[in-house]
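To start, the structure itself, in structure tokens.
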2 protein chains.
Amino acid sequence: MTEARPLVLVVEDEPQMRRVLRLTLESNGMRYTEAISVREAISKIRAQPPDLIIADLALPDGEGLRVIRAAREDSSVPIVVLSARSQESDKIAALDAGADDYVTKPFSAGELLARLRVGLRHAAARASGESPEAFTLLDLRVDILQRRVTLRNVPVHLTPIEYRLLICLIAKAGQVVTHSELLRAGWGAAKLDQQHYLRIYMTGLRRKLELDPARPTYLHTETGVGYRLSAD
Amino acid sequence: MTEARPLVLVVEDEPQMRRVLRLTLESNGMRYTEAISVREAISKIRAQPPDLIIADLALPDGEGLRVIRAAREDSSVPIVVLSARSQESDKIAALDAGADDYVTKPFSAGELLARLRVGLRHAAARASGESPEAFTLLDLRVDILQRRVTLRNVPVHLTPIEYRLLICLIAKAGQVVTHSELLRAGWGAAKLDQQHYLRIYMTGLRRKLELDPARPTYLHTETGVGYRLSAD
DNA sequence: AAACTGCGCAAAGATTCCGTAAAGATTCCG
DNA sequence: CGGAATCTTTACGGAATCTTTGCGCAGTTT
């Protein structure tokens with residue numbers, strides 16, 4: 001970002017919607033650039049990486065999902081999806097593909113801008129490396145800087161994947177972390193459907209961290225959704 | 001809204017009903033404007049966009065549905081429908097067309113005003129881009145970010161479908177949610193006709209959330225139409 | 001009064017999801 | 001090169017969830 005004003009890429013095929021978005025964005029301190037097709041979007045993302053992407057799900061030459069996947073391959077740029085009221089299931093697909101938020105048409109300018117600000121704020125937080133250096137919960141202690149895990153002051157050895165999963169859970173301690181999020185954290189975007197990997201590695205983590213793996217203190221299962229690390 | 005008092009457009013052909021509504025609205029801090037026909041309503045909506053619309057379903061020169069569709073084309077203004085008890089199917093058609101809630105004639109002033117306030121509150125929340133991260137009502141608390149539900153500070157476990165239904169109801173707290181909306185939220189667009197699924201899952205939700213499932217505090221049945229979660 | 005409709009509720013059956021073990025494949029590292 | 005650690009694959013019993021089925025009740029219609 002060589003400029004202070006964030007660059008927003010709008011992927012949208014309806015001219016009128018583009019016009020509305022351009023006006024809304026430019027009158028609120030953001031720079032506007034646009035793409036009409038999935039192909040154009042992908043090339044613009046490469047040529048001039050935007051600070052945020054607004055993508056319409058209902059695109060002509062392919063699903064808008066492809067924009068999301070393409071953008072997620074090599075960046076964590078915030079993505080806000082536009083969708084019609086009816087496409088509930090599409091929203092979920094979009095979020096799973098890596099979108100950060102969605103706005104339902106018709107929407108107000110205030111609503112859209114609020115979502116955009118949230119996205120930009122998160123990105124800024126990530127960029128400035130704002131992350132806790134250590135996590136403590138009961139007998140468990142994770143020193144992220146040293147990449148060191150101890151249980152009752154006894155060091156615990158974790159494999160790389162186990163460690164990535166634990167860090168992912170810690171980053172959202174108290175919240176449910178979905179299967180796809182965990183799979184993304186452990187294996188990357190490739191194997192989002194291999195849920196049984198997760199079961200095997202959660203078993204491993206529990207064996208190493210829990211007194212009684214069958215009745216876990218730290219790592220809780222949310223059937224059909226994901227896992228949750230207890231908060232304090 | 002250049003004025004603090006919200007502007008309410010009443011679309012109604014019976015003079016007496018217009019008089020009652022005008023008095024009710026104006027003595028409760030709202031501005032009143034009226035339309036007698038669908039055509040007049042549409043032109044007034046364009047000329048001076050109201051903050052809320054009250055539309056009688058039984059209009060002479062065309063169904064009141066046309067008012068709803070016309071208004072929904074380019075705005076998300078709250079729409080409350082007036083209907084007679086007999087027009088069950090019309091209510092559903094109106095809600096599907098984009099109405100937010102309905103009031104059955106005869107109605108009390110208090111009942112109507114409560115619905116209007118809910119509609120205006122939702123509109124204000126949308127305009128400011130407020131996507132609620134938590135919902136609290138009496139002893140019930142739903143933390144959407146954490147995906148956690150507590151009742152009197154005791155965690156309540158909900159299955160995925162139960163949770164989706166509850167979130168759907170919360171999004172329209174105080175307003176009716178139709179069977180098909182709930183079915184869509186819980187199961188996707190496939191099973192819109194399996195209404196008995198809803199009964200079973202509402203039973204489950206009430207068992208988990210209500211003190212006396214037979215006399216619910218939170219989850220109310222709107223016979224023939226859908227369900228309603230109480231507003232604060 | 002009988003038939004119908006929409007709703008609440010219970011319980012059994014079917015399916016999906018989860019935890020665990022163990023064996024093969026791959027990578028890491030001395 | 002060879003062993004150790006790690007990752008992947010396969011398999012299966014049990015648990016949680018979802019679906020199906022059936023019945024009783026209340027309000028409404030015929």
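Go through A:Glu63, A:Glu73, A:Glu26 for me and flag whichever is more than 20 Å from B:Ala171 (Cβ to Cβ), under 18 Å from the mean Cα position of the chain (by Cα) and not assigned by TED's automatic domain parsing to the domain that holds A:Thr178.
Numbers: A:Glu63 fails: under 18 Å from the mean Cα position of the chain (by Cα); A:Glu26 fails: under 18 Å from the mean Cα position of the chain (by Cα).
Checking each option against the conditions leaves just A:Glu73.
When you scan segment A:201-232, how many residues do you find that are closer than 22 Å to A:Ser180 by Cβ, more than 9 Å from DNA strand C (Cβ to nearest atom) and within 14 Å of another protein chain (Cβ to nearest Cβ)? Within segment A:201-232, residues that are closer than 22 Å to A:Ser180 by Cβ, more than 9 Å from DNA strand C (Cβ to nearest atom) and within 14 Å of another protein chain (Cβ to nearest Cβ) number 4.
With the structure loaded, tell me whether B:Glu88 is exposed (fewer than 15 other Cβ atoms within 10 Å of the Cβ) and not small (Gly, Ala, Ser) or whether it fails that test. Spell out how you get there, then give the answer.
On the way: exposed (fewer than 15 other Cβ atoms within 10 Å of the Cβ): yes; not small (Gly, Ala, Ser): yes.
So B:Glu88 fits the description; yes.
If the condition is being under 18 Å from A:Ala84 (Cα atoms), more than 23 Å from the chain's Cα centre (by Cα) and modelled with pLDDT of 95 or more, then segment A:29-60 contributes no residue at all.
Looking at segment A:137-156, can you tell me whether even one residue there is buried (at least 16 other Cβ atoms within 10 Å of the Cβ) and outside any strand (DSSP E or B)? Yes, some residue in segment A:137-156 is buried (at least 16 other Cβ atoms within 10 Å of the Cβ) and outside any strand (DSSP E or B). Summed over segment B:199-232, the residues that are in contact (Cβ under 8 Å) with a residue 60 or more places away in the chain and loosely packed, with under 13 Cβ neighbours inside 10 Å give a count of 2.
So, of the residues in segment B:185-200 that are within 25 Å of B:Thr150 (Cβ to Cβ) and near DNA strand D (Cβ under 8 Å from one of its atoms), which turns out to be nearest to the other protein chains (Cβ to nearest Cβ)? Can you show your working first?
Here is the first cut: in segment B:185-200, the ones within 25 Å of B:Thr150 (Cβ to Cβ) are B:185-186, B:198, B:200.
Filter once more, keeping what is near DNA strand D (Cβ under 8 Å from one of its atoms): B:186, B:200.
Working: B:Gly186: 10, B:Ile200: 17 Å.
For segment B:185-200, the residue satisfying everything is B:Gly186.
Considering (1) away from DNA strand C (no atom under 11 Å from the Cβ); (2) out of contact with any strand residue (DSSP E or B) (no Cβ under 8 Å at 6 or more places or on another chain), the lone condition that A:Tyr197 does not fulfil carries the number (1). Inside segment A:97-136, residues that are within 14 Å of chain B (Cβ to nearest Cβ) and part of a helix (DSSP H, G or I) make up a count of 14.
Exactly one residue out of A:Leu137, A:Leu116 is under 20 Å from A:Ala55 (Cα atoms) and out of contact with any His (no Cβ under 7 Å at 6 or more places or on another chain), and it is A:Leu116.
The values are calculated or read from the model by the stated rules, or taken from the named source; none is laboratory data. Just so it is clear, the structure is predicted and the values come from calculations on it, not from any experiment. Cβ atoms come from the backbone with ideal geometry, glycine included; neighbour counts cover every protein chain shown.
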